[in-house]
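One structure is given below, encoded as structure tokens.
The values are calculated or read from the model by the stated rules, or taken from the named source; none is laboratory data. Computed from a prediction, not measured in an experiment: that's the story for all the values here. Please note: Cβ atoms are built from the backbone with ideal geometry, for glycine as well, and neighbour counts cover all protein chains shown. What goes into the accessible areas is simple: the full protein's heavy atoms, side chains included, and nothing from ligands, DNA or RNA. Shrake-Rupley method; radii C 1.70, N 1.55, O 1.52, S 1.80 Å.
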Amino acid sequence: MVDVVFTGGRVVDVRTCTSHIANVAVEHGKIVDISAHELPAKRVVDAAGLVVAPGFIDVHGHLDGHAYAGQLSAMQGITTTVGGNCGLSPLDLEGWFAGQARTGYVINQAELVGHSFSMRRAVGIEDVNARASAAQTDAMVRIADRALRAGAAGVSLGLDYAPGSGLAEIDAMAAIAAEYGRCLPVHTRLFTQNDLYSLYEMLAAAKRSGGRLLLSHFVYQYSGFGTLRPALDVVDAARAKGMDVWMDSGMYTDWATYAGTATFDEQTIKDNSLRFGDMVAATGKYTGTRLNRELYELLRHKYPDESIICYSGEPYEIYEALQKPYAMMSTDAGAYAPGEGHPQIAGSYPRFLRKMVREKRLLGLEEAVYKCTLLPAQTYHIPGKGVLEPGYDADLVLFDRDAVRDNAKMPDKGEPDAPPDGIPYVMVNGVFAVDDGVFQNTRSGSVIRY
């Protein structure tokens, strides 16, 4: 007798981008059968009318073991997250992995080692506009090497937050990631939103290293001012020449980051024709308040670790980006208190399914699921994940194609952490993290060490 059987659901085969009605049997945390057979089970879940898919893999998150962030991710169907993005991560990954394995976590976690916040600070670079010395660059390479040996998924860059980063340190990070065969996800620089220098810079670095480049939250970086389409053309051309380059994107153009970062320097705001009235506080005592000059100054200087959302871009740019065959879904989700944050933390994947599959019909159901599962698993070489086949880990999400819907809103318009509709079951390593739409507060997620 197996542990659980899901009967009569539409099972997505992400290898062929097809689907069929079948039963899925789970035992001891693994998928053991997908067929028309009726196997005896300790529990039978009627999946008729539901899509049965591999659990979603979020390649760009900042959960890093935060409990509430994990809950919100599980509720939207995410069963694996890649943390430590944008150059911000733990540096003692041996200790971090051990701690997460000891306490457990609701979903599976891979972790990157971060350059632009974490490593630069560790080698004594206090000024974000300062260039690393040769000795400091060598010290960062040693930190990265230690983290990669401990099992890091790759090296992340957040060049927007460290504008002083020179080509030598960028090349050094690209080289060490390539040496280990790991990914180099990059939050590119922001000079202005109508230039592509940051894209050419990273493509050149990736070409020199020969490694895999993942362009992080692409729409956030290149939406607005008519820049997205030329940016996609540049990536298309690079891939046509054989470069190993990929991208991820969420379902929003309105981006968020810390108030005290270089992204919100006044000169950057002027150069990009941004307006305080198009910004809203996403955390802290001013959550949901639109900025003016006074509030901007207050957040920058007194509350630099609070988050600000900047309204920007056009929704059609999201759809253009995510239709690319090398584009995969991501959230950019992070650790927020209840009632705070950006709606991406709770609404990204249901929004993707609602907008791009059901309403706009820009992607077929099976292709959309592929972009959330097998494509990210292949990009990061994650074993045992992203596919529904016997022998694979029992990470599953069941959703109602006709009812799945995001309810999360921008903090000036509603609840940014409102859970979605239409995702009644989420299983992580054979354990229900979400059961009949109710979060179970489980800790069956594992750490993924390379």
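Annotations
- Of residues in region 293-328 being aromatic (Phe, Trp, Tyr) and surrounded by 15 or more Cβ atoms within 10 Å (Cβ to Cβ), the one farthest from Glu340 (Cα to Cα): Tyr326
- The lone criterion from (1) out of contact with any Gly (no Cβ under 9 Å at 6 or more places or on another chain); (2) of a type in the set (A, V, I, L, M, F, W, C); (3) modelled with pLDDT of 95 or more left unmet by Trp96 is number (1).
- Residues located in region 430-450, provided they are touching a residue at least 24 places away in the same chain (Cβ under 8 Å) and open to solvent by 80 Å² or more (accessible area, probe 1.4 Å): Asn441, Arg443, Arg449
- Qualifying residue in region 195-213 (condition: open to solvent by less than 20 Å² (accessible area, probe 1.4 Å) and either among the acidic types (Asp, Glu) or in contact with a His (Cβ under 8 Å, 6 or more places away or on another chain) (or both)): yes
- The set of residues from region 429-450 being on the phi < 0 side of the Ramachandran plot and in contact with an Asp or Glu (Cβ under 6 Å, 6 or more places away or on another chain) is empty.
- Filtering Ala110, Ala74 for residues that are farther than 25 Å from Met173 by Cβ, within 16 Å of the chain's Cα centre (by Cα) and not in a loop (DSSP other than H, G, I, E, B) leaves a single hit, Ala74.
- Residue under evaluation Leu298, criteria (1) more than 19 Å from Val128 (Cβ to Cβ); (2) in contact with a helix residue (DSSP H, G or I) (Cβ under 9 Å, 6 or more places away or on another chain); (3) in contact (Cβ under 8 Å) with a residue 40 or more places away in the chain, criterion not met: (3)
- Considering region 38-70, the residues that are assigned to a strand (DSSP E or B) and of a type in the set (Val, Ile, Thr) include one that is nearest to the chain's Cα centre (by Cα), namely Ile57.
- Taking the numbered list (1) over 30 Å from Arg182 (Cα atoms); (2) under 25 Å from the mean Cα position of the chain (by Cα); (3) touching a residue at least 12 places away in the same chain (Cβ under 8 Å) in turn, Tyr316 passes all entries but (3).
- Of the candidates Val32, Val45, the single residue that is open to solvent by less than 10 Å² (accessible area, probe 1.4 Å) and either under 24 Å from Asp305 (Cβ atoms) or not small (Gly, Ala, Ser) (or both) is Val45.
- Whichever residue in region 218-249 is closer than 23 Å to Thr283 by Cβ and open to solvent by 10 Å² or more (accessible area, probe 1.4 Å) and, among such residues, is farthest from the chain's Cα centre (by Cα): Gln221
- Pick from region 365-418, criterion basic (Lys, Arg), within 24 Å of Pro343 (Cβ to Cβ) and part of a loop (DSSP other than H, G, I, E, B), ranking: most open to solvent (accessible area, probe 1.4 Å): Lys413
- For region 151-177, the set of residues classified as part of a helix (DSSP H, G or I), touching a Leu at 6+ places or on another chain (Cβ under 9 Å) and under 14 Å from Met119 (Cβ atoms) consists of Leu159, Tyr161, Ile170, Met173, Ala174, Ile176, Ala177, listed by residue number.
- Here Val14 does not fit the description of being out of contact with any Gly (no Cβ under 8 Å at 6 or more places or on another chain), β-branched (Val, Ile, Thr), at pLDDT 95 or above and crowded, with 19+ Cβ neighbours inside 10 Å.
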